[in-house]
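The values are calculated or read from the model by the stated rules, or taken from the named source; none is laboratory data. Remember, it's a predicted structure, so these values are computed and weren't measured experimentally. Cβ placement follows ideal geometry from the backbone for every residue including glycine, while neighbour counts extend to all protein chains displayed. Heavy atoms of the whole protein, side chains included, go into the accessibility calculation; ligands, DNA and RNA do not. Shrake-Rupley method; radii C 1.70, N 1.55, O 1.52, S 1.80 Å.
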Amino acid sequence: MPAVIFKNMRIVVRDRKTPYIVAGPCSVESLEQMEAAGKALALLPQVGMIRCGVWKPRTRPGGFEGYGEQALQWIAGCRGEVDKVRESIGGERLHYCCEVALPEHVELALRYGMDAVWIGARSTANPFVVQELTAALRGTGLSVLVKNAVSPDVRLWMGAIERCRQAGVEDVCAVHRGFDVYRNGQYRNSPLWEVPIELRRLMPEIPILCDPSHIAGRREPIAALSQTALDLGFDGLMIETHPDPERALTDAGQQITPSELGRLIEGLVMRSTEGVAASEELRLLREQIDHLDREALQLLAARMEVARRIATVKQEGNMSVFQPKRWDAVLRQRMETARELGLSEECVKGIFEKVHAESVRVQEDVIGGDRHV
Ligand code: PEP
Ligand code: MN
């Protein structure tokens, strides 16, 4: 488990007793807004870094696109006052980060004294952009937060982190902000926790923060998502915070006030992910899980064997592998069973879509194999 989030800036996650918090507005809107946000956040000791959007990547043109260099001037203009508030509570100096999407953004971020920059989800999705950004970051000493790509491809995320490292960036941290998938369900971006879990497995030395604001897209689920992230061993959170969220120029529905953030942090529970306290009971329960998983896989293998036999029957009857009516009936029936068993319908649906896709593939294989005889 990484203990240090940003080594160069000497920010240490203290024994996982408190999560590292990055907070601040989606977009910088004025000197007054930044000063109000900064001063209120400076009073929360767990906040180590202020995030502030300077250039806003809009999916479609025409929206507010950020104040750019003017915003950087506002940030620099209120830092002195914000630092004084932080000193008054005896806390560590606050750091600042903004998003960069073009090499010239990196240059400006450096000129106006940013400590870190983040690479946004749309940029991480494009290795050409990441390559240009990391070339611009070389030798700057800036720390980098790498958001996951909009699509759930862990390799794009890793690729951006690797490019940062190749450019000599020492402090790299990952930020999980959810994924834009075909069905996002109740959230703006699906969390798909298995992707950051896979990143942790493949790159255990990289700290991971969760951005529940961009996952949720609205205020209400932010606290619960934050707790889930900490339970999964994330090192901290990035939460959009605005002095007057209702009037925010961007992402108004998902920003919270600094005092709401204070209450949210108070409510968080840090638990051990190291298993030091693993009891005998936990060991036995895990044995049961291992056993049940084996049984589930044996059943899956048996199901695929039946699918292979079905393929032969369909072929003899000149039927196509995919039978939409049958699939519709299967899905409905499985969802009903899921309800009866108290399982999440969304989860069961996802599992059966995967099982069905594999079954189709296996049947195509049988028929294809036959054709080639
Ligand atoms: C943001 O953090 O304001 C932002 C635009 O994030 P993302 O790149 O995750 O969409
Ligand atoms: Mn935002």
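Within the range 119-147, residues that are within 22 Å of Met238 (Cα to Cα) have Cβ atoms under 7 Å from residues that are of a type in the set (Asp, Glu) and within 16 Å of ligand 2 (Cβ to nearest atom) in these pairs: Gly120/Glu99, counting only partners at least 6 apart in sequence or on another chain. Take the conditions (1) more than 16 Å from ligand 2 (Cβ to nearest atom); (2) at pLDDT 95 or above; (3) open to solvent by 10 Å² or more (accessible area, probe 1.4 Å); Ala229 misses just one of them, which is (3). Only residues that are away from ligand 2 (no atom under 15 Å from the Cβ) and touching a helix residue (DSSP H, G or I) at 6+ places or on another chain (Cβ under 7 Å) were counted in the range 36-95, giving 21.
Scanning the range 232-251 for residues that are part of a helix (DSSP H, G or I) and surrounded by 16 or more Cβ atoms within 10 Å (Cβ to Cβ) gives a single hit, Pro245.
Taking the criterion of being more than 13 Å from Leu202 (Cβ to Cβ), touching a strand residue (DSSP E or B) at 6+ places or on another chain (Cβ under 6 Å) and open to solvent by less than 10 Å² (accessible area, probe 1.4 Å), the residues of the range 149-168 that qualify are Ala160, Cys164. I'd like the full set of residues that are within 16 Å of ligand 2 (Cβ to nearest atom) and either crowded, with 24+ Cβ neighbours inside 10 Å or assigned to a helix (DSSP H, G or I) (or both), limited to the range 208-225. Once the filter is applied, which keeps residues that are within 16 Å of ligand 2 (Cβ to nearest atom) and either crowded, with 24+ Cβ neighbours inside 10 Å or assigned to a helix (DSSP H, G or I) (or both), the range 208-225 yields Leu209, Cys210, Asp211, Pro212, Ser213, His214, Ile215, Ala216, Ile222, Leu225.
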